[in-house]
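**Q** Below you'll find the structure I mean.
Please treat every number below as a calculation from the coordinates, not as lab data. Note that the structure is a prediction, hence the values are computed from the model and not measured. A quick note on method: Cβ atoms are made from the backbone with ideal geometry, for glycine too, and the neighbour counts reach across all protein chains shown.
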Amino acid sequence: MKKILKFVAIGILVIVVGAQFIRPTKNNTNDQTKHFSTLYPLPDSIEAILRVACYDCHSNNTRYPWYSEIQPVGWWLNGHIQDGKHDLNFSEFASYRIRRQYRKLQQVSDLVEANEMPLPAYTIIHKDAILTQQQKQLLSAWVKSTRDSIAVHTPADSLKQPQRRP
């Protein structure tokens, strides 16, 4: 029985050590050509909020903590980052259709106001990402202003979700 346990323990150790050599690609690029700020004004105060509370998962520039180098934690974090970028990527925002930009901005405001973003799992470790009521109000006002600007410069039917035919 001891031989089997020793064999199993060695097998698990080999798998854990081997896993350290299989790493996800880092989410870091300096390409800002499609960044949100290329289309819309981004005040420094809003940029600071987004950088601390949003960009790690919703941009192409993630600040990686030390524990991201330990697998399978790195894989788990990479999955969160990929999911976040799929939902909203500020680094690719300018490539979105205008209707999607308009809708995504409203979702930012709604999710922040509902305390659904940043994710609680993220704010457990990143205490600086917990938004104050003042930061939430500032972000919501900025979203409203940006959406109003889009609405003024875009035909209304371009911003509505098309009706699906039965």
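**Q** Taking a threshold of 23 Å on the Cα-Cα distance, which of the pairs 34/127; 104/136; 34/136; 34/104; 104/127 fall above it?
**A** Over 23 Å apart, Cα to Cα: 34/127; 34/136; 104/127.
**Q** Something else now. Subtract the Cα-Cα distance of residue 136 and residue 86 from 0.36 nm times their separation in residues, and report this length gain in nm to one decimal.
**A** 15.7 nm
**Q** Related question: Looking at the stretch 78-114, which trypsin sites (Lys or Arg not before Pro) are DSSP coil and have at most 14 other C-beta atoms within 10 Å of their C-beta?
**A** 97
**Q** Given the Cα-Cα distance of residue 148 and residue 5 and 0.36 nm per residue of separation, how much length would full extension add, in nm?
**A** Value of the extension gain: 44.9 nm.
**Q** Residue-wise, which Karplus ³J(HN,Hα) couplings in Hz belong to the stretch 51-68, taking 6.51 cos²θ - 1.76 cosθ + 1.60, θ = phi - 60°, and x for glycine or proline?
**A** For the stretch 51-68, the Karplus curve yields 4, 7, 9, 10, 4, 4, 10, 10, 7, 9, 9, 9, 8, 8, x, 4, 6, 6 Hz.
**Q** Pop out the ³J(HN,Hα) list for the stretch 74-88 in order, Karplus 6.51 cos²θ - 1.76 cosθ + 1.60 with θ = phi - 60°, rounded to Hz; leave Gly and Pro as x.
**A** Listing the rounded values in order: x, 5, 4, 4, 4, x, 4, 4, 4, 4, x, 5, 5, 6, 7 Hz.
**Q** Quick query: amide H of residue 26 versus all other amide H atoms, modeled in the peptide plane; which residues come in under 5 Å with a sequence gap of 5 or more or a different chain?
**A** Amide H neighbours of residue 26, under 5 Å, 5+ apart: none.
**Q** Limiting things to C-alpha atoms, what are the Rg and the maximum Cα-Cα separation (Dmax) for the stretch 31-107, in angstroms?
**A** 13.4, 40
**Q** Would you mind computing Rg(Cα) / (2.2 N^0.38 Å) for the stretch 51-166, counting N as its residues?
**A** 1.21
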